[in-house]
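Values quoted throughout were computed directly from the atomic coordinates according to the rules given, and no laboratory measurement underlies them. Quick caveat: nothing in here was measured; it's all calculated off a predicted structure. Here the Cβ is made from the backbone with ideal geometry for all residues, glycine too, and neighbour counts use every protein chain on show.
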Amino acid sequence: MFRELAPGTPLPPQPVITRWGTWVAAALYYAEHLDTFANVVDSFDRKQAASILIVQDLLRSPNLRENLSYIHAHLDFLPSSITNLEASSCPLVDSIAHFYKTIDELKGMPGSIGERIRNKCEFVLSRNTGMAELKVIADVLGGVSADGNVVLSPSDVACFKYAPITSVDVERSFSLLKNLLTDRRQSLTFESLKMHLIILCNQ
């Protein structure tokens, strides 16, 4: 139906609940294709389903275009920034630099929405003491003086060269292990398990 009424327009994205970047990407999609999407939805009979009625009413909201315009103007960088921060095998120095660059861009957003975002960023960072410690370690690894604030040994600091600053790799590991240890594997031997783990670790 969508392809017939809107040829050449990509299908609407499906955000993932636990991935905030996908929600921003969805908002950016609707900011670019709002009129086309609204025309498709308006072609449906609002009496057929409650969901159609709700979406049609939402599309007529007077604040919708304003909010999408604000998001498109000031948050278009965020999905790619989140993707870069979630990348595997990224040096800690680059991850920290990219993180604080993203925070600076978020803090630079204007208006009352920007003020709430600034307050939220400052609140979260003030409670995350681990990020401050990683920042000091990243400074040392990047050749910047940390003014003697490093309490770890040189060998321990060197081990942080590729330390991740997000939990995405942990979540990926859980997904891989869940798939590997599924109940459907009734005859998995220890030797086969070792081979599977070697393959997964080298992907």
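For the Cα trace of region 2-74, dividing Rg by the Kirkwood Rh returns an Rg/Rh value of 0.97. This model, with +1 at the C-beta of Lys and Arg and -1 at the C-beta of Asp and Glu, gives the chain a dipole about its Cα centre of some 480 debye. Database remark: amide H of Val150 closer than 5 angstrom to no amide H (H placed geometrically; neighbours at sequence offset of 5 or more, or on other chains; Pro and chain starts carry no H).
Do the sum for the chain: with -39,500 (n - 2.57) for every DSSP H run of n ≥ 4, divided by all residues, what is the mean residue ellipticity at 222 nm, to the nearest 500 deg cm²/dmol?
So the calculated ellipticity at 222 nm is -20000 deg cm²/dmol.
Please work out whether the chain counts as rounded, prolate or oblate from its C-alpha gyration tensor, where a ≥ b ≥ c are the square roots of the eigenvalues and a/c under 1.5 means rounded, while otherwise a/b larger than b/c means prolate and anything else oblate? Taking the square roots of the gyration eigenvalues as a ≥ b ≥ c, the chain is oblate. Largest first, the three principal axis extents of the alpha carbons in region 47-116 are 55, 30, 16 Å in whole numbers.
Annotated for the chain: lysine pairs at least 8 residues apart or interchain, Cα distance under 30 Å, count 12.
Of the residues Lys47, Lys107, Lys161, the one that moves most in a GNM of the chain with alpha-carbon contacts below 10 Å is Lys47. Structure remark: mean-square fluctuation, Gaussian network model of the chain, C-alpha springs under 10 Å; the largest value among Asp76, Asp104, Asp42 belongs to Asp42. By the count of neighbouring beta-carbon atoms within 10 Å, fewest first, Ser155, Ser69, Ser95 end up ordered Ser155, Ser69, Ser95.
Short-range pairs are left out: with C-alpha atoms under 8 Å and at least six residues apart, the relative contact order of the chain is 17 percent.
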